[in-house]
Every structure is written in structure tokens, then in C-alpha cells.
Amino acid sequence: MSRQDYITPSTTVESNKQLDADDVLLQVNLRLRLNEVAAVEAEQLRISARRKPTRHELGQLAKRIYEARRLRERVMRDQLFGEPAWDMLLELYRSGCSINALSHAANCPPTTGARWQKVLTKQGLIERGPPGAPALKQIVRLTETGRALMDQYLTRLFYCENPIPPTIREIV
């Protein structure tokens, strides 16, 4: 250091070569450490990745939603919350049932149930079968489209109940 109030950088070629080598070494070390951090984060994501819920888990979720709706009706003791179509979809997600049983599951009169079943059929969400059987012997079930939409909705709710486990950053 000179007697001046500021540092004068060295201008020798050897000093610049050393500085360049130090910079390269620093960059390499930095990249290696970043790769290590990325590998740890990738492993953590792999470990804590969301798994697809099973059909049983989604069925249990549909059952809990359905039961919560019945509880709400018992507590409120009023017909303010009538959604027969939704109740029908929840019941059919769990299993197929007869036309009359579906109206009963939706907690509505058979005529109201029949109207809602007609709407859901037109929407392509439910179907009756087997073809040619008398109406009272037919079983109502979700169509492939209806099941896919219910799967999608219930899966989203499942993830709300079961969030991703904490990452390394959240733990530390």
C-alpha cells in the first residue's frame, strides 16, 4: 500500500492472471455449491411430491361431504340449502343406485329427483342402465365425464385437506 489515501490496483500481468484464476476458481466453486443445493431441493421435491389420492380416499371424502350436508339439514331444520343435483352426484360417486334411492339420497321428493336426474342426464353427467330394463329396475351411475369431473373436484379438495409436507427451507 502506498502512502496515498487510496489503494492503487496492481497493473502487472501476473497479478491479473492470478486474479483471473481466482475468479474462475470462485465461479466453479459457486456453481458446484449451486448444483448441490439444486440436488437437495430436487430430492426434497421428489420425497414430498403430491401423490394422487386413491379412489377409496376420494370416496371417503365424498361421503364426509355428503354426511356434512345431512348434518347441516338436521341442525338448520330448514329447506334453505336444497341442492339435490349435488347430493345425487356425491351419492353416485360412491356407488350406483336405483332411481328412487337416488331421490331419497338427495333428500327430495321423487318428482323433484326425477327432474334433477333428467337435467344431469342432459348434461352428460349421469346415465341409466342396463338399456331395455324397466325404469324402476334401472341403476343410475355417473358417466365417464361425470366421474372425471367429480375426481377432479374431489382431488382438489383432498389436496386442501392434505397440503404438501414442509420443505427444507420451512423446517430450517
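The values are calculated or read from the model by the stated rules, or taken from the named source; none is laboratory data. Keep in mind the model is a prediction, meaning the values are calculated, not measured. Backbone-built Cβ (ideal geometry, glycine too); neighbour counts: all protein chains shown.
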- Could you list, in sequence order, the residues of the stretch 129-157 that are in a strand (DSSP E or B) and at pLDDT 90 or above? Ile139, Val140, Arg141, Leu142
- Message: Take residues that are surrounded by 12 or more Cβ atoms within 10 Å (Cβ to Cβ) and at pLDDT 75 or above and tell me which of the helices (runs of 4 or more DSSP H) falling wholly in the stretch 1-115 contain 1 or more.
- Response: 55-76, 84-94, 99-105
